[in-house]
Structure formats: C-alpha cells, structure tokens
Amino acid sequence: MYKEEYIEKAEAALLHTYNRYPVVLDRGDGVYLFDTDGKKYLDFGAGIAVFALGYHYKGLDEAVKNQVDKLIHTSNLFYSVPAMDAAEKLKEASGMDRVFFTNSGTEAIEGAIKLARKYAWMKDGGHDHEIIAMRHSFHGRSMGALSVTGNDHYQEPFKPMIGGVKFADFNDLDSVKALVSDKTCAVIMETLQGEGGIYPAEREFVQGLRTLCDENDILLILDEIQCGMGRTGKMFCFQHYGIKPDIMTVAKALGCGMPVGAFLCTDKAASMGPGDHGTTYGGNPLVCAAAAKVLDIFQEDGIVQHAGTMGQILYEKLEEVKNESPLVTAHRGMGLMQGLEVTCPPSVIITKALEKGLILLSAGTNVIRFVPPLIITEEHINAMAEILKQCLAECEKEAV
Ligand SMILES: *Cc1c(COP(=O)(O)O)cnc(C)c1O
C-alpha cells in the first residue's frame, strides 16, 4: 500500500481528534524512526516524552517478551510479582510511600484528585472541597483531569467541569495564597509545565507552595507525567527543589512505550482504602514488567546522569540557535525538556523538519518543544540543531 492509501483508510476509520502529520511510522531503532517508505527520522519527540530509552534498548524488549510468555494479565484481585517489583522500585526512586498503577497519565490524575478529596472528607465530612490548579497547565482529557487543566479552549465544549476548581498563576505564590480557604484540599501543578509551553517552576514558588500547604494541611500534588523519569536531570523534577509532594503522578516514560502510569502518595495522604478506587488492567504484569525493567536500566546505566549532561549540551546548542535566528524570542526548560518560543507557527517549522528527517513537537501556541530520548548523544544534538537552523532560515526567507 502507498502512504496515501494508509492515510486515507485511517482518516475514514478514526475519530478525527488529531491533525496528524502525513507520515506513517513503521519501526524504530535507537533514536531513529523509519516510515513505511523507509525514510529515516531523528526523533526529538520520543512519542511525546515516552521513549526515554529510545527504540529497542538492550534488555527491555526481552523483559516484555518474557512476560508475554508467562502471564499478561491477572486483575487486581490477585498479587503479581512484576507489580510488587515495579512498585518497590518506584517507591525507592521517588521517596514516596505508596503506589497505585494506572493505564495512563490522565487516570493517574483522576486518582490523585480522589485521594485529595477523600483526605479532606475524612477530616470534616464536607462535599465542598476545593482544588487550586494553574493556568496554562495540562493534566489530561477525562472530566476530572480536564477540570484542573488551565485551558479554556479544551474545557469549553465539555462544561460543566467538576466543581470546586480554582485557577492561580504559575510561579505566582500570591495568586495561590489569594485562593486558599478552609475548603482547599489540594494544590495541583506540573513541576515543569509541558503542553502549556515549557515553563519551569521557580525555586521560591515551589518551596513557598510546600510551606503554604503544610501550614494549611493542603495536599501538594505534583504532576510529573512529562517532566519525571529522569527527563530534567533528576529522577523526578521535584528533586531539584529540595521538597517532596504529598501526591505525585507519573506515566509517559514509566513504561517506555508500554501503557502504564501511576499515582504515588505519602502514608499521610494515603486516604483511599478497599472499595474506594480500582482498575481492571491497571498495573497488570505485562506493563509492570516493562516498568520494573525500565527502572532497573535507569539505575544500572546511569540514564538520569546522562540526561543531565546532554541537557546542558542541548541548552547551549539551543542558545546558539536562539542567538542566530531572529524568529526565536525565548528559550526555556530543564534537562532534556526544553522549548524555543518562535514568532512563526511552530507547525511550519515542524513540517519542514519532517521533510528533512527530524521529528519535533510543539507546545502551547508558539513553542517548539524538544523532548528527545534520554539516550541522545552530542552528535544527535548537533545534527538536530543543523536541521533546525535550516528550517528557521527558510521560514525567515519566506516571511520577507
Ligand atoms: C501527557 C500528560 C498527561 C496525560 O497523560 P495521558 O497518558 O495522555 O493520559 C497529564 N499530565 C501531563 C503533565 C502530561 O504531559
């Protein structure tokens, strides 16, 4: 079949909720992807920050295949060794006390919201508790996760949202303080805002929030779904700030392609008990075998340290790009999660890059996002920057 035929069939069968790029991806190898025509792409998107270890990392496929041969699913009515294994490793990596595995990031957010509401309900039996979320945030598309996502455009057709959510400005502690009341049960935010445009949290903001939450017995929920799992040069982004959340969500790179997420909490925030929450597939042996192996590889092969080192190199390269191109107006990020703000539509640059064999993502309305596999090397970063500079130069010419 020709590419056009694949695309036509897909568009005829799938609900059109994505404007996809006209590329049919077929296989991956390291930090490269290949489409059905055999064209090779350097991957700086990693399946939206999922493939931290790139494609076919040594040992990971084998761990998944072994589990396929043993047992894929058990239901959560029984114990399984992979879930125990993955939970222990995740606890150790995060310093949190308890883990609930989910099928996605969105579902992890739902669980986090329920933990916070039940925590407050156990104190006063009320049904009017409030959550403070951030503008320009992204936490997912289900009704609960969408309700704490600070994006009117995403919410508008689906109102009413769940009640009791108020929005503050990211990195503005006073705007959070102004919303705190005796009804507030949680503050939820991404430690480094991703979809909204790559905005890192400031040190004073995170530490101030921690103090504010402690003083008012409010639970601090940090969404590490995109910025966690080594991406910023620490295993979890909050570890840069010398604080710990009460609840944390993780997904994307946790299974490196196997669909698994989790919400984690401290013993203090572990409000839910038998009957309060559940999932049929969540944390099944197959995805947990992948997560456990990913966590092993991270530790044994120094993936997080490597991400930190490469993050610095990427930072310097992108500074160079910014200084050379008048179309680039800002540069933000941490580790291997960075963004360039541009004055032309990001999709124009992304389309040009695709033609030249480079996969990039956008974030917000005017940001090009860089979230490569964490195993990227300096050569890959240089190769990416060369293509990016060409794309920007072309855009500049076309704009004149
Ligand atoms: C991707 C993302 C989600 C949603 O995760 P899904 O697996 O797509 O449900 C939530 N929060 C953040 C910060 C994300 O980047």
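Every number here is computed from the coordinates shown, using simple stated rules; none is lab data. As the structure is a computational prediction, the values presented were derived from the model and not from experiment. We place every Cβ from the backbone using ideal geometry, glycine too, and count neighbours over all the protein chains shown.
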- Message: Starting from the 7 Å offset along Cα-to-Cβ, what nm value, one decimal, do you get for the label separation of residue 91 and residue 77?
- Response: 2.6 nm
- Mind sorting 288, 227 by how few other Cβ atoms lie within 10 Å of their own Cβ, fewest first? 288, 227
- Message: Number of Lys pairs in region 176-293 with C-alpha atoms less than 29 angstrom apart, excluding same-chain neighbours closer than eight positions?
- Response: 15
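Can you give the FRET efficiency to the nearest 0.05 for residue 3 and residue 123, using r as the Cβ-Cβ distance and R₀ = 60 Å? Working shown, then result.
On the way: r = 58 Å, r/R0 = 0.96.
It comes to 0.55.
Kirkwood Rh, Cα Rg: Rg to Rh for region 230-384?
Rg/Rh for region 230-384 comes to 1.04.
Helix-only estimate, please: 222 nm mean residue ellipticity of the chain, summing -39500 (n - 2.57) across DSSP H runs of length 4 or more and dividing by its residues, to the nearest 500.
On the way: 13 runs with 158 residues, N = 400.
Roughly -12500 deg cm²/dmol at 222 nm, from the helical runs in the chain.
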- Query: What is the list of residues in region 352-390 whose amide nitrogen lies under 18 Å from a point 7 angstrom out from the Cα of residue 316, following Cα to Cβ?
  - Reply: 376-386
- Task: May I ask you to derive the relative contact order of region 300-360, considering only C-alpha pairs under 8 Å and at least 6 residues apart, and to give it as an integer percent?
- Result: 25 percent
- Message: Under a crude label model (7 Å from the Cα following the beta-carbon direction), how far is residue 279 from residue 69 in nanometres?
- Response: 2.8 nm
- Task: Just order 174-187, 101-114, 18-31 by mean Cβ neighbour count inside 10 Å, highest at the front, would you?
- Result: 101-114, 174-187, 18-31
- Message: Using Stokes-Einstein with the Kirkwood hydrodynamic radius over Cα pairs, what translational diffusion coefficient do you get for the chain at 4 °C and a viscosity of 1.567 mPa s, in µm²/s rounded to a whole number?
- Response: 59 µm²/s
- Mind ranking 375-382, 129-136 by how tightly packed they are, going by the mean number of other C-beta atoms within 10 angstrom, highest first? 129-136, 375-382
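Express in nm, to one decimal, how much length is gained between residue 39 and residue 396 on full extension, taking 0.36 nm for each residue of separation and deducting their alpha carbon distance.
Working: separation 357, 0.36 × 357 = 128.52 nm, distance 2.66 nm.
The residue 39-residue 396 span can extend by a further 125.9 nm.
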